[in-house]
Amino acid sequence: MTEELLRLENIFKNFGAVKVLKDINIKINKGEVVALIGDNGAGKSTLIKVITGVHRPTSGKVFFNKNEVNIKSVAESRKMGIEAVYQERALCDQQELWRNIFAGREITNAFGFLDIKKQRKEAEKILRDYIGFTSKAITVDSTVMGLSGGEKQGVAFGRSLYFNSDLIVLDEPTMGLSIQETEKVLNFVKGLKQENKSAIFIDHNIIHVYGAADRFIILDRGEVVGEFKKDEISREELVQKMIQLHESGKIKVEA
Amino acid sequence: MNNILNSYFVKTHKLEISITIIAIALFLIYFLGAPHVFTRFPIYRAFMQSMPFFGIIAISATFVVTLGEIDLSFPSIVGITSLTFGMLLTATDGNFFIAFLLATSLGMFAGLINGLLVTKIGIPSIVATIGTLFFWRGLVNVISQGSGIAIVDVADGTWHHTLFVEKLFGKIPAQFIWFIVLTALMQWVYRYHKFGNHIHFVGDNKASSQMMGINVDNVKIIAFVQLGFFSALAGIFTMYEMLYFWPTQGEGLMLTTLAAVFVGGTSVFGGRGTIFGTFIGVLIIGSLESGIVALGLSGFYVKFINGLMITVAVSIYAIIQRKKT
């Protein structure tokens, strides 16, 4: 029933002398939403950047769909079906939506010229069908600048759905959003499961994480220090764990 | 009227429309102030003859500026590639292909060095290209030992001379036709080619572009390389027109060229620009000197009015932009 989508084995990542990730072993199944939690500097962002091809691990193995893969760039991870949705960095502000949605994987002819008609048509479809923008104020010609945080997330989500990604990586998807928009984003994450798609997400807000995720992986100073399924731990216990971790860290620093 | 002002075209082309109005106003002043000059053809022939030399570079530089980068080294790239072209053309007794190929290759190589310094070594482009500005000019001086090269014997009357600078129908300089063709081509690439698209994204936000799978370093390197190529090309055009290489060739291009880009409305912050605007910018900047003199003002006014134009134009853009956000 549970089929493995992504597995990391003994992943290490150093930036010069700094060991940011130390022997990470995690697994994500199809149709599963996994939350990565941990303090600032725990290595969460580095870990997802390894998965999306922004960084390459110093050592260790990555398996995707049970095949060992060597992800060298964002373009490669996208091709495999891993799509990142970054809060601040998903889109470019001054460019139109029809350009943004296809940035980095433009629809072109043999000479590299854009098929504008097709890009616009597909972008329209994404706005309408995947995101549900019906307001006249947002068209494919709108620049990203005028969009709210939630709308930007929506566009990034719509894009990942359109490109049929198997694994969606969400970096702080609710940061800076209004309550209403947060609700939309969390609903979207829940909706992924119905399509048997998987997601990894990082969020500082345990309440958001708890509502949307099936499983929690706790990182601390580059190591996995805990892993719980939702039915193994209540929200209060999870919060408690985080506080303990936080305090133990402090004690260590002081000692 | 209100309808026209609110139309999609007007909304998305405010910069282009403003710059065109400024240019029309300027030419109207010329026309009214010096009708004896501006109702006759020779002044326009002179414009068409001289504008392409820096115009070609300005169009190409628009790509680099849209990236949020700058290249100050192109005047020296013009110098070193013109020297190469002149030396090879005379040495081979007029073999255009060898001279053209090697001069443009050297231009691209110089661009490649700029690109690598900026992306791989990580030097800000304004600093890196000040370095290469001096480097290439210095090399010109060392190699030429301060003397020029006459190419009149190997170039005058040849088919390549015709191709580059002959007057079409005895009136239109070929370099102007080339300039128009290249502008149209580059406009197309700028707006509708994957490369032009990536230029806009990288200039807009480097980190986002990287996240979206755009190879930021490659885009930057190619931008500098194409500017190197077009600098060489502009140098070759100048050589055919003058039939002479002189060691300071290219000096003095820097400010007019960049002024044309900025007057044209391309943002120095990157992510936004217009090739059409640069083209109009070239018409404005390239006509000021003759225009001012024709109006009966002394040549001392040229820089003053140049400065005024640039300041007014970029202020208008800043205001338009502020309203948008």
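Each value in this text was obtained by applying a stated rule to the coordinates, not by laboratory testing. None of these values were measured; they are calculated from a predicted model. Neighbour counts are summed over all protein chains in view; Cβ atoms, including those assigned to glycine, are modelled from backbone coordinates with ideal geometry.
Could you go through the range A:213-225 in sequence order and give the Karplus-derived ³J(HN,Hα) for each residue, using 6.51 cos²θ - 1.76 cosθ + 1.60 with θ = phi - 60°, rounded to whole Hz, and x for Gly and Pro?
Listing the rounded values in order: 9, 9, 8, 10, 10, 9, 10, 9, 6, x, 10, 7, 10 Hz.
Over the range B:30-86, with a single point scatterer placed on each C-alpha, what log10 of the ratio I(q)/I(0) does the Debye formula yield at q = 0.12 1/Å?
The calculated log intensity ratios at q = 0.12 Å⁻¹ are -0.49.
Using the Kirkwood formula on the Cα atoms of the range B:1-124, what hydrodynamic radius do you get, in angstrom to one decimal?
After inverting the mean inverse Cα-Cα distance, the result is 18.7 Å.
Taking the range B:219-285 on its own, what percent of its Cα-Cα pair distances exceed 17 Å?
Of all Cα-Cα distances in the range B:219-285, 55 percent exceed 17 Å.
If you average 1/r over all unlike Cα pairs in the range A:11-58 and invert the result, what Kirkwood radius do you get in angstrom?
For the range A:11-58, inverting the mean 1/r across all distinct Cα pairs yields 11.6 Å.
Normalized C-alpha radius of gyration of the range B:53-130, against 2.2 N^0.38 Å?
1.22
Calculate one ³J(HN,Hα) per residue across the range A:27-36 by plugging θ = phi - 60° into the Karplus curve 6.51 cos²θ - 1.76 cosθ + 1.60, and present them in order as whole Hz with x for glycine and proline.
Couplings: 9, 10, 8, 5, x, 10, 10, 10, 9, 9 Hz.
Which ordering of B:THR62, B:THR162, A:THR2 is given by a fewest-first count of other beta-carbon atoms within 10 Å?
In order of increasing Cβ crowding within 10 Å: A:THR2, B:THR162, B:THR62.
What list of whole percents do you get for P(r) of chain A, with Cα-Cα distances grouped in 5 Å bins up to the one holding the largest distance?
Per 5 Å bin, starting at zero, the Cα-Cα P(r) for chain A comes out as 1, 6, 13, 16, 18, 16, 13, 9, 5, 2, 1, 0, 0 percent.
May I ask you to sort B:ILE24, B:ILE98, A:ILE202 by Cβ crowding, counting other Cβ atoms within 10 Å and putting the fewest first?
Starting with the residue having the fewest Cβ neighbours, the order is B:ILE24, B:ILE98, A:ILE202.
Using DSSP to define loop residues, name the trypsin sites (Lys or Arg not before Pro) in the range B:167-226 whose beta-carbon has at most 14 other beta-carbon atoms within 10 Å.
Answer in residue order: B:LYS171.
Using the beta-carbon distance between B:PHE31 and A:LYS117 and R0 = 56 Å, what value does 1/(1 + (r/R0)^6) give for FRET efficiency, to the nearest 0.05?
Working from the Cβ atoms, E equals 0.85.
In a solvent-free Debye calculation with one equal scatterer on each Cα, what is log10 I(q)/I(0) for the range B:162-225 at q = 0.14, 0.17, 0.21, 0.25 Å⁻¹, listed in the order of the q values?
Here the Debye-derived log intensity ratios amount to -0.54, -0.65, -0.80, -0.97.
Using the charge dipole of chain B (Lys, Arg: +1 at Cβ; Asp, Glu: -1 at Cβ; taken about the Cα centre), state which of B:ILE24, B:GLY250, B:GLY115 has its Cα farthest towards the positive end.
B:ILE24
For the range A:163-255, which GluC sites (Glu not before Pro) are in a loop by DSSP, counting at most 15 other Cβ atoms within 10 Å?
Those that pass, being in a loop and sparsely packed, are A:GLU195.
Along the positive direction of the dipole of chain B (beta-carbon charges: Lys, Arg +1; Asp, Glu -1; about the Cα centre), which of B:SER50, B:PHE97, B:LEU163 reaches farthest?
Working it through, the farthest residue towards the positive pole turns out to be B:SER50.
Give the residue from B:PHE230, B:LEU133, B:ILE180 lying farthest towards the positive end of the charge dipole for chain B; charges sit on Cβ (+1 for Lys and Arg, -1 for Asp and Glu) and the dipole is referred to the Cα centre.
Farthest along the dipole direction, towards plus: B:ILE180.
What do you get for the angle between helix A:116-125 and the principal long axis of chain A? Use alpha-carbon atoms, 0 to 90 degrees, nearest ten.
Once rounded, one gets 60 degrees.
Looking at the range B:142-226, which chymotrypsin sites (Phe, Trp or Tyr not before Pro) are in a loop (DSSP not H, G, I, E or B) and have at most 10 other Cβ atoms within 10 Å?
Passing both the DSSP loop test and the Cβ count: B:PHE169.
Using only C-alpha atoms and all pairs of different ones, pull out the Kirkwood radius for the range B:115-274 in Å with one decimal.
18.2
Of all the Cα-Cα pairs you can form in the range B:15-324, what percent are over 35 Å apart?
20
Mind checking B:198-210 for the average number of partner chain beta-carbons within 10 Å of each residue's beta-carbon?
If you average over the peptide's residues, the count of other-chain Cβ atoms is 5.
In Å, what Rg and Dmax follow from the Cα atoms of the protein assembly as shown?
28.9, 92
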